[in-house]
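Engineer: Dropping the structure in here first, questions after.
The values are calculated or read from the model by the stated rules, or taken from the named source; none is laboratory data. These numbers were taken from a predicted model, which means no experiment stands behind them. So basically every Cβ, Gly included, is an ideal-geometry build from the backbone, and we count neighbours across all protein chains shown.
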Ligand SMILES: Cc1cc2nc3c(=O)[nH]c(=O)nc-3n(C[C@H](O)[C@H](O)[C@H](O)COP(=O)(O)OP(=O)(O)OC[C@H]3O[C@@H](n4cnc5c(N)ncnc54)[C@H](O)[C@@H]3O)c2cc1C
């Protein structure tokens, strides 16, 4: 890793300032993605701004929304009774991210800021129509994800919390990449006040996306059977050594049906 | 000495399962690995490696890099050439069918003229810290003209393919054969039916938990060089590096291989980094340390397997095998690694008889250079390749004949009364009982109850399959004269020095090396049992050429069969000497002294002396036969095996396939192996568990994949699938032993059986699960995508497909 300045501010404003003052500065959350990148010399930040001192952890219920602060770890989400009663699918999703070490360090903010095309959380955020709350604004999920590893965030903008409207029921079905165990195909299905929502991660060639055809079918009948004949265009799929586009397109259907069956 | 067939198990002796002595140190973080060693004033080396698979080095400008902070020295291939340093040698020479020697291109320790694979070392940068060395490496100005690359054997042997080495026309290293072609042709002419198969033995990346590391050190006052390295065989490294690369005589070169965190073959070989740091340390008069990173290990540790084979089996009307014809291409990678030529040939094709009486066998092997990491022995080395081929072919043959898979095996087994059995491909098997391991394994696995389980699985929408492999392998390498005749450039005996101390405790110095196998425990049990001393008073020392007389190290499941036999020989000498001392003390004839349970007794009397009394007498020789017997009790033995050893057995695997996703779920795995004498059953179980897990990894998960430009696509653990706990099941392990007839222990070896026997059992189960789809073969790894494609193709075709893959 290259040398860098290390800052650990105690207030969000100071963190934003530190990031704004230096175009090459980067935020550090759990470090599960960022530290390996540094170790492999794939990034050369001049300064690293550690977000651990900003008091950004915690989970709360706010009316019909579940609000999770950015530095909340996957383990905290997985173990939270608040999450389990409001959106059990989210706790389930978090409990299957990476391994124990990753879940103890990795954060929801870090995952969403990174927007890895095979990360799990983006599908939940998109399917549930969550709002990303940042140091300067509120961003709707639909506007937030902008393709692989790309988001609406400005370089000096921090995610502070994520607000999830509580659905009627929801479930996440993940087919893990055999090697990395990230989502090779992950489908988050929710029955919400606004209708059925289906978001797919891991599979798309442009990152997380909503599956309009499946949503339409589920609006007719929220059953696995309703999805039987819904296909996913191969042209939208990513292909790699683990799964070609045809297999991924097929798995989107399988995982979506399994998610519908698991909804609670 | 205790009778080894004695079923009485002494605490800490043969047959007992004391906890492993070494584990406390390993599990409490107190292991001392190469990277834990730091020498005063040490500098750090970083290797700048090629990121293209094939290219001409036009120029390397080190000026800017040399001026970077902390840089001590930068060396390139040119400096190495100027210093007159040789390349790393190949330890095995083969000859082609036409008698010509294999093409053996030089393998310089830093690339000269050309780079030949992604990972080929271009320059060694030495600095005060690793980070500084990396900074400087980035400042190197390297101009490489990229050439077309060949990463796959079919591409490498296509007309007009780019040449990895100009000296190897068609990229062929050698074109070798074994067996009697005419006899095989004659057998095929009379065949009732012929079974055919094409198999790919997937390329693997070993991934021991501890990455490689090396520290070069030089003592200016004595002129002694020391290399600390992650090696399975320090004496072999001393020999190869000292004699062939750096021209340092043995008495000025010490090689230390301390605790080593797994090897699996990848740490047998002499690697360029070892020579580079040893040379640089002397040149700079300063210790130089290099520690490999995981990503670097993927592109520098020798890979395993990577064979493509076509085979045909001729059968008589009753299902008897008449003749076997096998044609293999074996990937050598870009350079010949230490034992690479032996793997597809003498460690593989010589086993084509398997456990069957096939009277005529002919095998051909073409070794191919490609622009990939060198390929060499990996747990099983050649035997998993042949076993996979044979055991798949036998299943195909059963189908071809309309015979039951078990029945066709039984029909062709080498019967127990045919031992010793001379195969048509050089080897003479000494012992085995294939019916016993088969019957026991079928019983534990409830083979006969399978169809009911399959039907129950079908109710749940799952495809259930069962598969077996009845295998035999050759290990305990090897009789030196035989190995030499076959091309080995070294002897393959083993050495033990048994040092009895004055108070009766014992230190055993062994030329084998433990890197996870538990030798410190097993060997201590052997010595405790034979000398009748407590297990706790035996210390096992390995891994240092300054302490151990000599040795060939650990690979090919040889440590107990060869190294343990050397210990028995050394202990025989100790006991013979002890008898003379005892005879003197008890005023009896030497012939009247017997040694048993740690006591020297005058036969037929109650007069006896304990082992400790004899030891103290040997070192305090006041009342002593000093005219005839030297003081001291310290003996060394070299043991050269009389034959290979032949472990074998039966593995049965049961799987379920989810037809919707193609996921193969392991349901049960049973291994019943004949490994000869068992010293520590717990360690044996552990070895089988580990080997089977690696075999399951090969069968279902692992695959090193290069793209056509020679970039490794599965270049990290994010893309290369190692088996994890949830990929395997509880493995039932049983042993049904016949004794090796030609070594004093009766031991055959257990290190590799798991990895050898298991892959075809898994794939036979997968093929069986897909039987309704008309599938006859599935290549490894049987990934979910591959299985889904097979099922999906069947569904889309509207009818079961005839063959897949
Ligand atoms: C072995 C392994 C397995 C994994 N498996 C999975 C999996 O199955 N599913 C899955 O979804 N993920 C997986 N991950 C990723 C994991 O979820 C990480 O938590 C996530 O990628 C990054 O979170 P982090 O808190 O570690 O962020 P960091 O690595 O610290 O940061 C990541 C990026 O986000 C930026 N950032 C961090 N926090 C903020 C913020 N609040 N505002 C703005 N920018 C910010 C950083 O600057 C950096 O660019 C895995 C990771 C590993 C190492």
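Engineer: Out of the stretch A:234-244, which residues are more than 9 Å from every other protein chain (Cβ to nearest Cβ) and more than 14 Å from residue A:200 (Cα to Cα)?
Structural biologist: Let us first name the residues in the stretch A:234-244 that are more than 9 Å from every other protein chain (Cβ to nearest Cβ), namely A:234-239.
If the condition is that a residue be more than 9 Å from every other protein chain (Cβ to nearest Cβ) and more than 14 Å from residue A:200 (Cα to Cα), then A:235, A:239 are the ones that fit.
Engineer: Within the stretch A:131-150, does at least one residue satisfy the condition of being closer than 19 Å to residue A:91 by Cβ, buried (at least 20 other Cβ atoms within 10 Å of the Cβ), in contact (Cβ under 8 Å) with a residue 60 or more places away in the chain and touching a helix residue (DSSP H, G or I) at 6+ places or on another chain (Cβ under 7 Å)?
Structural biologist: Looking through the stretch A:131-150, none of the residues is closer than 19 Å to residue A:91 by Cβ, buried (at least 20 other Cβ atoms within 10 Å of the Cβ), in contact (Cβ under 8 Å) with a residue 60 or more places away in the chain and touching a helix residue (DSSP H, G or I) at 6+ places or on another chain (Cβ under 7 Å).
Engineer: Residues that are near the ligand (Cβ under 8 Å from one of its atoms) and at pLDDT 95 or above: does the stretch A:18-27 have at least one?
Structural biologist: Initial filter on the stretch A:18-27 (near the ligand (Cβ under 8 Å from one of its atoms)): A:26-27.
Now restrict to residues that are at pLDDT 95 or above: A:26-27.
Scanning the stretch A:18-27 turns up at least one residue that is near the ligand (Cβ under 8 Å from one of its atoms) and at pLDDT 95 or above.
Engineer: Quick one: residue A:259 ticks every box in (1) surrounded by 17 or more Cβ atoms within 10 Å (Cβ to Cβ); (2) more than 12 Å from chain B (Cβ to nearest Cβ); (3) more than 23 Å from the chain's Cα centre (by Cα) except a single one, so which number is it?
Structural biologist: Result: residue A:259 fails condition (3) only.
Engineer: Can we say residue B:541 is surrounded by fewer than 22 Cβ atoms within 10 Å (Cβ to Cβ) and within 20 Å of residue B:259 (Cα to Cα)?
Structural biologist: Working: surrounded by fewer than 22 Cβ atoms within 10 Å (Cβ to Cβ): yes; within 20 Å of residue B:259 (Cα to Cα): yes.
Yes: the conditions hold for residue B:541.
Engineer: Can you name the condition, by its number, that residue A:201 falls short on among (1) touching a strand residue (DSSP E or B) at 6+ places or on another chain (Cβ under 6 Å); (2) within 13 Å of chain B (Cβ to nearest Cβ)?
Structural biologist: Looking at each condition in turn, residue A:201 falls short on (2).
Engineer: So which residues in the stretch B:490-512 are closer than 27 Å to residue B:642 by Cα and surrounded by fewer than 16 Cβ atoms within 10 Å (Cβ to Cβ), if there are any at all?
Structural biologist: Result: no residue meets the conditions.
Engineer: Here is a check on your reading of the model: is residue A:208 away from chain B (no Cβ under 14 Å), touching a residue at least 24 places away in the same chain (Cβ under 8 Å), within 12 Å of the ligand (Cβ to nearest atom) and on the phi < 0 side of the Ramachandran plot? Quick ask: steps written out before the conclusion?
Structural biologist: Values: away from chain B (no Cβ under 14 Å): yes; touching a residue at least 24 places away in the same chain (Cβ under 8 Å): yes; within 12 Å of the ligand (Cβ to nearest atom): yes; on the phi < 0 side of the Ramachandran plot: yes.
The answer is yes for residue A:208.
Engineer: Is the stretch A:56-72 home to any residue that is within 14 Å of the ligand (Cβ to nearest atom) and within 14 Å of chain B (Cβ to nearest Cβ)?
Structural biologist: Checking the stretch A:56-72: not a single residue is within 14 Å of the ligand (Cβ to nearest atom) and within 14 Å of chain B (Cβ to nearest Cβ).
Engineer: Search the stretch A:186-204 for residues that are without any contact (Cβ under 8 Å) to a residue 60 or more places away in the chain and farther than 14 Å from residue A:90 by Cα and pair each with any residue that is within 16 Å of the ligand (Cβ to nearest atom) and part of a strand (DSSP E or B) when their beta-carbon atoms are under 6 Å apart and the residues are at least 6 apart or on different chains.
Structural biologist: A:203/A:185
To keep it simple, each residue is scored yes or no on (1) surrounded by 22 or more Cβ atoms within 10 Å (Cβ to Cβ); (2) free of Cβ contacts under 8 Å to residues at least 24 places away in the same chain; (3) within 13 Å of another protein chain (Cβ to nearest Cβ).
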position: B:661; (1), (2), (3): no, no, yes
position: B:667; (1), (2), (3): no, no, no
position: B:670; (1), (2), (3): yes, no, no
position: B:674; (1), (2), (3): yes, no, no
position: B:689; (1), (2), (3): no, no, no
position: B:692; (1), (2), (3): yes, no, no
position: B:698; (1), (2), (3): yes, no, no
position: B:702; (1), (2), (3): yes, no, yes
position: B:707; (1), (2), (3): no, no, yes
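Engineer: Let me ask something additional. Give me the residue from the stretch B:709-719 that is under 23 Å from the mean Cα position of the chain (by Cα) and facing chain A (nearest Cβ under 7 Å) and, out of that set, farthest from residue B:782 (Cα to Cα). Step through it out loud before you land on a result.
Structural biologist: Taking the stretch B:709-719 and keeping what is under 23 Å from the mean Cα position of the chain (by Cα), we get B:714-717.
Then drop every residue that is not facing chain A (nearest Cβ under 7 Å), which leaves B:714, B:717.
Values: B:714: 16, B:717: 18 Å.
Among those residues, the one meeting the criterion is B:717.
Engineer: Would you say residue B:541 is touching a residue at least 24 places away in the same chain (Cβ under 8 Å) and in contact with a helix residue (DSSP H, G or I) (Cβ under 7 Å, 6 or more places away or on another chain)?
Structural biologist: Details: touching a residue at least 24 places away in the same chain (Cβ under 8 Å): yes; in contact with a helix residue (DSSP H, G or I) (Cβ under 7 Å, 6 or more places away or on another chain): no.
Criteria not met by residue B:541.
Engineer: Please go through the stretch B:157-174 and pick out each residue that is buried (at least 18 other Cβ atoms within 10 Å of the Cβ) and outside any loop (DSSP other than H, G, I, E, B).
Structural biologist: Within the stretch B:157-174, B:171, B:172, B:173, B:174 meet the criteria.
Engineer: Of everything in the stretch A:40-54, what is away from the ligand (no atom under 11 Å from the Cβ), in contact (Cβ under 8 Å) with a residue 12 or more places away in the chain and part of a loop (DSSP other than H, G, I, E, B)? Give them in sequence order.
Structural biologist: Passing the criteria: A:41, A:44, A:46.
Engineer: Looking at the stretch B:59-71, is at least one residue in contact with a strand residue (DSSP E or B) (Cβ under 9 Å, 6 or more places away or on another chain), surrounded by fewer than 21 Cβ atoms within 10 Å (Cβ to Cβ) and within 23 Å of residue B:212 (Cβ to Cβ)?
Structural biologist: No, every residue in the stretch B:59-71 fails to be in contact with a strand residue (DSSP E or B) (Cβ under 9 Å, 6 or more places away or on another chain), surrounded by fewer than 21 Cβ atoms within 10 Å (Cβ to Cβ) and within 23 Å of residue B:212 (Cβ to Cβ).
Engineer: Determine, yes or no, whether residue B:31 is under 30 Å from residue B:565 (Cα atoms), in contact (Cβ under 8 Å) with a residue 24 or more places away in the chain and touching a strand residue (DSSP E or B) at 6+ places or on another chain (Cβ under 8 Å). Let's see the steps before the verdict.
Structural biologist: Working: under 30 Å from residue B:565 (Cα atoms): yes; in contact (Cβ under 8 Å) with a residue 24 or more places away in the chain: yes; touching a strand residue (DSSP E or B) at 6+ places or on another chain (Cβ under 8 Å): yes.
The answer is yes for residue B:31.
Engineer: Which of (1) touching a strand residue (DSSP E or B) at 6+ places or on another chain (Cβ under 7 Å); (2) more than 14 Å from every other protein chain (Cβ to nearest Cβ) does residue B:641 not meet, given it meets every other one?
Structural biologist: (1)
Engineer: Looking at (1) away from chain B (no Cβ under 14 Å); (2) assigned to a loop (DSSP other than H, G, I, E, B); (3) modelled with pLDDT of 95 or more, which is the one condition that is false for residue A:32?
Structural biologist: Tallying (1) away from chain B (no Cβ under 14 Å); (2) assigned to a loop (DSSP other than H, G, I, E, B); (3) modelled with pLDDT of 95 or more, residue A:32 fails exactly one: (1).
Engineer: Taking the options B:23, B:35, B:3, name whichever one is more than 30 Å from residue B:490 (Cβ to Cβ) and at pLDDT 95 or above.
Structural biologist: B:23
Engineer: Taking the stretch B:195-251 as the region of interest, how many residues are surrounded by fewer than 17 Cβ atoms within 10 Å (Cβ to Cβ) and on the phi > 0 side of the Ramachandran plot?
Structural biologist: 2
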